[in-house]
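The values are calculated or read from the model by the stated rules, or taken from the named source; none is laboratory data. None of these values were measured; they are calculated from a predicted model. Every residue, glycine as well, gets a Cβ built from its backbone with ideal geometry; the counts of neighbours run over all protein chains shown. When the accessible area is computed, the model is the full protein with side chains, heavy atoms only, and any ligands, DNA or RNA have been set aside. Shrake-Rupley method; radii C 1.70, N 1.55, O 1.52, S 1.80 Å.
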Amino acid sequence: MYICTLMRNSYRNLLIILTLSLTLAACSDFRKLQKSADWEKKYDAAISYYEQGEYYKANVLLEQILPIIKGSEKAEIANFYYGYTYYYQEQYLLASHYFKTFYDTFNRSEFAEEARFMFAFSLFQDSPRYNLDQTSSKEAIVALQGFINLFPNSEYVPKADAALSQLRSKLERKAYEKALLYYDLKKHMTGEFLKAALVEFDNFQDDFPGSQFTEEIRYLEIEAMYKLAQVSIYSVRKERYLEAMDFYEDFIETYEQSNYLPKAEKIYEDCLEQIRKLNS
């Protein structure tokens, strides 16, 4: 048993040594390639590295030779792979840049359609969580929609549509939470915040018709206008109670079975009572 254990340990150590030796040899070969003046050798090695999934090494070699092979037959595939080396390393902004550069330069290439899609899809991949700044998401939406417009029959359209759906959901959630931020009644019972909330509620409905959050937003619109009437000066109070009632009437036409109806009806009844008092 002791001998067997020694043999297993020796075998394991031999494998480790062999692996390290191969790794060192591969690194040495790569360094030699980097220093080589033979661009064709670098090109062949870059393609080989790419096909083996060694995208960093492929990227380094392609970067060295791209200025040299510009205008040659090999420039097209080298530039195309160059974009993917960034994409597979999750450097999506650089990938999008080089895919767009490829499309602009080789727009008659057999890879042009794919490059145009990958330009947009790389921007989608760079899109952050919904609660962060969504500037890049908006850029990705423009790029994806532009691709669909250019290639409506492309095999990549379903993937582009799915990405668009995710991006729009992010923007929708961002806008929803922004509106709620203005409308925190526990913290902001002032006219200015209520007016800002009403503007955000209106913008949300314009930007995202049919949203899953619309029912809640439209109820909060009633509540916000009612609260605004309460804190308004006497001369505009009645007008704002009437506006709250208008919001209520529009709401019940659309959401007859809403869970918000009891609270909305209570607000409506109080608006009527307040208007009676103001009239008297």
What is the residue count in the stretch 105-129 for residues that are within 25 Å of Lys174 (Cβ to Cβ), hydroxyl-bearing (Ser, Thr, Tyr) and part of a helix (DSSP H, G or I)? 1
Within the stretch 52-96, residues being open to solvent by 70 Å² or more (accessible area, probe 1.4 Å), acidic (Asp, Glu) and under 17 Å from Ala115 (Cβ atoms) number 0
Subset of the stretch 86-104 (residues that are of a type in the set (S, T, N, Q) and more than 24 Å from Leu171 (Cα to Cα)): Gln89, Thr101
Answer yes or no: is there a residue in the stretch 93-104 that is within 18 Å of Val157 (Cβ to Cβ) and outside any helix (DSSP H, G or I). no
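Here is a yes/no grid of residues against (1) of a type in the set (Ser, Thr, Tyr); (2) buried (at least 19 other Cβ atoms within 10 Å of the Cβ); (3) at pLDDT 95 or above:
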| site | (1), (2), (3) |
| --- | --- |
| Tyr98 | yes, yes, yes |
| Phe106 | no, no, yes |
| Phe111 | no, no, yes |
| Arg116 | no, yes, yes |
| Leu144 | no, yes, yes |
| Ser154 | yes, no, yes |
| Ala162 | no, no, yes |
| Glu177 | no, no, no |
| Lys186 | no, no, no |
What's the total number of residues in the stretch 82-130 that are among the basic types (Lys, Arg) and under 16 Å from the mean Cα position of the chain (by Cα)? 1
Look at the stretch 100-129 and say how many of its residues are touching a residue at least 12 places away in the same chain (Cβ under 8 Å), under 17 Å from Leu144 (Cβ atoms) and not acidic (Asp, Glu). 14
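Quick grid of which residues meet (1) out of contact with any Asp or Glu (no Cβ under 8 Å at 6 or more places or on another chain); (2) closer than 22 Å to Ser137 by Cβ; (3) charged (D, E, K, R):
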| residue | (1), (2), (3) |
| --- | --- |
| Glu54 | yes, no, yes |
| Gly71 | yes, no, no |
| Ile77 | yes, no, no |
| Ser96 | no, yes, no |
| Thr105 | yes, no, no |
| Ala115 | yes, yes, no |
| Met118 | yes, yes, no |
